[in-house]
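Step one of this worksheet: look at the structure below.
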């Protein structure tokens, strides 16, 4: 039985989402939003991201260049769009749902070395597209999906994503009634002209046509709604019905996008094109609509400082490095009917100019990070929060910096530091995990750190335990990790004697997972990444508690 016949067995529907004109037009959020509106109609939906780079995964890439690395429950380091899929679909996405050019070629080469192709000449076509289709099948089987949304990274016309487009083309050829294509394009309005231009989109469609693919829908991104004249022009020149041109103007909140798609009857158009017939689950998308309204209509505003180093590039500050943190704060804000006004505070600015910016903050978050640069600025910010009762939330590296700050300024271990920052520090209160030392020595960096979901035991009477109690009763919670260094248990006794509270540990008590201090509104550091599992309909309890305290202490 061929791969095409195997994929036909389950009668699964496939929606490929591609980008036209330029990057950054919102393919990931579009794919996630299509999934959300179909899920709202009662279908089992999942999503796949195909990334054209040769890296095996996103784990070794600089966050400024690539954006946030998102970690799945089963320990895959992926593109941030996987995070969007999880948030919009309110479900876990697994490593089977993520592929890169590097990962595809690696699998084909390894299979060839094992004589998996039985002596055939292994070629880019057909063997690379066949590997891609095999992986799609595995993802469908894993998630038991009725509809699989597949985002192809990059922009049409680029050489890099041709192998993915070829796989999609062949799948459409064999299953024309089960596959459709959505192009997300951009319609600019040049300032000096003042007219919305469709020509770039027309050229993008022609580029897609050269790969043997014709879009069924065009999502027209722009800074304003498109008019019927522009829809007609796209329809005629791009060979699609006018009702399949979907207006997607800029919105204040990404959580409005599914609702806008419903307004454009995008859900009905997709279901009609794929011959999907099923009773609607929730015509009004009530739960999502209520959440989206709460995001836009807060009763109060708080100022939260994000103290980091991965958002400054040239003259611009980019937030993509911390997108899950931003969204988790939004989710918690909606739950608390509070708007989160974010302030990007560069750690090197604190080192050079002091903590003046922090005085206006109602709360401070120090998110994930790596290496020495900016570490002293983070420690200085944490000291200010601790001494001035400013709600503080440290995530992964942010917890480690809080331990160093406490060790130096409360436990009087003046030279305390992390081995990541200073290998021969006198007091390595944060040290490398034993199993990681050999990997570092052998330069085994990619995909080797502590990844994925791990259990954490909560200590009774702590802020941590009380925050989780409002959402679940268990003393053991599961959170996702991404770290190579950890709290050094050699210093546990002295730090606890000085008032540091170990509020979360691994079930065997060997790994410190969370710390806090007493007599402070909210001073919590966690070794894990709670932001990864926060979703708009199920906000994370620690972020909910943090925002609540910030609001009370405003």
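Couple of notes before you dig in:
- Between residue 92 and residue 214, full extension at 0.36 nm per residue minus the direct alpha carbon distance yields a gain of 40.8 nm.
- Space enclosed by the convex hull of the alpha-carbon atoms of the range 19-290, per residue, Å³: 141
- Distance from the range 19-74 to the range 147-187 (C-alpha centre basis), Å: 14
- Nearest-0.05 FRET efficiency for residue 422 and residue 191, computed from C-beta distance (R0 56 Å): 0.65
- Inter-probe distance in nm under a simple model that places probes 7 Å from Cα toward Cβ, at residue 389 and residue 109: 6.0
- Hypothetical label at residue 343: residues of the range 526-550 whose amide nitrogen lies under 20 Å (7 Å Cα-Cβ projection): 546-550
- DSSP-defined beta bridges in the range 19-290 - what % are antiparallel, rounded to 5: 15
- Whole-number percent relative contact order across the chain, with pairs defined as alpha carbons under 8 Å at least 6 apart: 15
- For the range 298-552, the Kirkwood radius over C-alpha pairs fed into Stokes-Einstein at 25 °C and 0.890 mPa s yields D = 134 µm² per second.
- Each part reduced to its alpha carbon centroid, the range 521-554 and the range 89-118 end up 36 Å apart.
- A full extension of the chain between residue 448 and residue 272 corresponds to an added length of 58.8 nm, given 0.36 nm per residue minus the alpha carbon distance.
- Across the range 298-552, the relative contact order, built from alpha-carbon pairs under 8 Å that are at least six residues apart, equals 23 percent.
- Spin-label model, residue 498 to residue 466: label points 7 Å out along the Cα-to-beta-carbon direction sit 2.5 nm apart.
- Diffusion coefficient (Stokes-Einstein, Kirkwood radius over C-alpha pairs, 25 °C, 0.890 mPa s) for the range 144-303: 139 µm²/s, rounded to a whole number.
- Between residue 414 and residue 159, the FRET efficiency estimated from the beta carbon spacing at R0 = 45 angstrom works out to 0.20.
- Radius, Kirkwood style, for the chain when every pair of distinct Cα atoms is counted (Å): 25.0
- Bridge type composition, the range 298-552 - antiparallel percent by DSSP, nearest 5: 50
- Antiparallel beta bridges, as assigned by DSSP with both residues in the chain, represent about 35 percent of the total such bridges.
- Cα-based helix-to-principal-axis angle, 162-174 vs the chain, degrees rounded to 10: 50
- Unit Cα scatterers, Debye sum, the range 82-127: log10 I(q)/I(0) for q = 0.14, 0.29, 0.31 Å⁻¹: -0.50, -1.04, -1.12
- Distance between modelled label sites at residue 44 and residue 22, nm, 7 Å Cα→Cβ extension: 4.1
- Per-residue ellipticity at 222 nm computed for the chain from its helices equals -11000 deg cm²/dmol, with DSSP H segments shorter than 4 residues left out and the rest contributing -39,500 (n - 2.57).
- Short-range pairs are left out: with C-alpha atoms under 8 Å and at least six residues apart, the relative contact order of the range 19-290 is 24 percent.
- One chain, two ends: residue 300 and residue 174. Fully extended at 0.36 nm per residue, the span grows by 39.9 nm beyond their Cα-Cα distance.
- As a proxy for reagent exposure, 113, 450, 482 were ordered by neighbouring Cβ count within 10 angstrom, fewest first; the result is 113, 450, 482.
- Each part gets one Cα centre, and for the range 503-518 versus the range 234-266 those centres are 48 Å apart.
- Rounded to 10°, Cα long-axis angle of helix 228-238 versus longest principal axis of the chain: 70
- Taking Cα atoms only, the orientation of helix 375-387 departs from the longest principal axis of the chain by about 60 degrees.
- Counting neighbouring Cβ atoms within 10 Å and putting the fewest first, the residues 338, 448 line up as 448, 338.
Read the figures in this text as sums done on the coordinates, not as results from a lab. Note that the coordinates shown come from a computational prediction; the quantities given were computed from them, not determined experimentally. FYI the Cβ positions are ideal-geometry reconstructions off the backbone, even for glycines, and counts take in every protein chain you see.
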